[in-house]
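Taking it in order: structure first as structure tokens, then the write-up.
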């Protein structure tokens, strides 16, 4: 066995006690993983790149506009946390039912998930609109850009109603292995967003020049387009997942109980993550407008690298869930390890690319010399972080697919909620490293999450969880 085979072959990645004649070949398992992963990865990367284009358009309005849009990110995601948790339950249940070929059970999960998401999203949208100003002030919004941030946030919150409903549908489709549907839906929504950005930010043709407000309206229009496509995907007669509005819609206690078992832990995870990110962003915002604008640009780049890991993680969640649903734990372990190997290769390549192109990347977003110089250095730190980031995202995806969400929630609570903000205040303020300190804390957070989740994966206790 040569070095390549020792690192990547099925035989090398499968524990001896799981060796069986039913194991797929190395070519088959990598082909299956990549076939499942590429639509999700492509979707996530393209959406992140379109988001970056969105930010490039906004950045033409100045550093204040970048900060105004950036400061809304964590309050927005905090309000979305409950639906993200519900979607985790939907994905896990649908993937298990798909593995067991239980179409009725899968559709019950989708239907109940949609009803819960509708009620929660409506409530969160109303609360977000009414309490927009205190949310943003608490997040650290500076008075110089608060007015723009307030307008942007209120419009985005309305548009998020459409986005979150479509997200529940695509979460179910991912669990069923239909990752291309999610790709088509989200890519179309984001292309619509970019087109209307161009019209409404700059006032092209008969459209008004709305600046930051135009970016928010364009996002809402894109979200609505995405919802229409998502609904269309589950109204086809030949689809594994189907909903009909004329059917009787009622809560199924057994489905909701199973969903709550999974989603409750995921909700704890999401809430604590968002609290941690909120305090982290608040700490960075306190460093100044230039620092926060630079930070937000770097976070846009990080979202692209995260999207690669997230795409593999989504595929891994579905493959692990389906393997366990089919009572084949050895396949679940194998798919998890194969995904990790693919992620390692990609993360190392991305890290080197970011270092080589760091000045060109920053120049796409800003012409401010202060932002360019600081940002180029921050991207070097990001390049190191990418290796840990992608690996831990994929490993956590394996654990989620098995339903081991309580462990994932606890890990996130410790690292993201407490460790990252505390380290940021220590390094950025008390030790005087400024924005560099904030990013050092991110590297430490990602490295710790990778090490702990990797240890959990290796023990394989997660293969025994019943859903």
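Structure values in brief
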{"read-out": "Rounded FRET efficiency, nearest 0.05, which uses the C-beta distance separating residue 381 from residue 34 and R0 of 35 Å", "value": "0.70"}
{"read-out": "Label-point separation, residue 459 to residue 433 (7 Å along Cα→Cβ), nm", "value": "3.0"}
{"read-out": "Average projection area in nm² (convex hull over Cα atoms of the range 214-254, one quarter of hull surface)", "value": "4.6"}
{"read-out": "Per-pair calculated FRET efficiency, R0 = 35 Å: residue 147 and residue 355 via Cβ, rounded to 0.05", "value": "0.40"}
{"read-out": "Taking the C-alpha atoms of the range 334-467, convex hull volume expressed per residue in Å³", "value": "110"}
{"read-out": "Fewest-first ranking of 163, 145, 129, using other Cβ atoms within 10 Å as the exposure measure", "value": "129, 163, 145"}
{"read-out": "Separation of the residue 122 and residue 204 label points, Cα + 7 Å toward Cβ, nm", "value": "3.7"}
{"read-out": "Distance between modelled label sites at residue 344 and residue 137, nm, 7 Å Cα→Cβ extension", "value": "5.1"}
{"read-out": "Rg/Rg_globular for the range 247-397, with Rg_globular taken as 2.2 N^0.38 Å and Rg from C-alpha atoms", "value": "1.33"}
{"read-out": "Residue-averaged 222 nm ellipticity for the chain, from DSSP H runs of 4+ at -39500 (n - 2.57), nearest 500", "value": "-27000 deg cm²/dmol"}
{"read-out": "Cα centroid separation, the range 417-439 to the range 291-364 (Å)", "value": "25"}
{"read-out": "Cα long-axis angle, helix 146-175 against the chain (0 to 90 degrees, to the nearest 10)", "value": "10"}
{"read-out": "Nearest-ten-degree value, helix 103-130 long axis tilted from longest Cα axis of the chain", "value": "20"}
{"read-out": "Three-way shape call for the chain based on the alpha-carbon gyration tensor, with the a/c threshold at 1.5", "value": "oblate"}
{"read-out": "Rounded tilt (10° steps) of 435-459 against the dominant C-alpha axis of the chain", "value": "10"}
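Readers should treat all values here as calculations from the given coordinates under stated rules, not as data from a laboratory. Because the structure is predicted, anything quoted here is derived from the model rather than measured. Don't worry about glycine lacking a Cβ; one is built from the backbone with ideal geometry, like all the others, and counts go over all protein chains shown.
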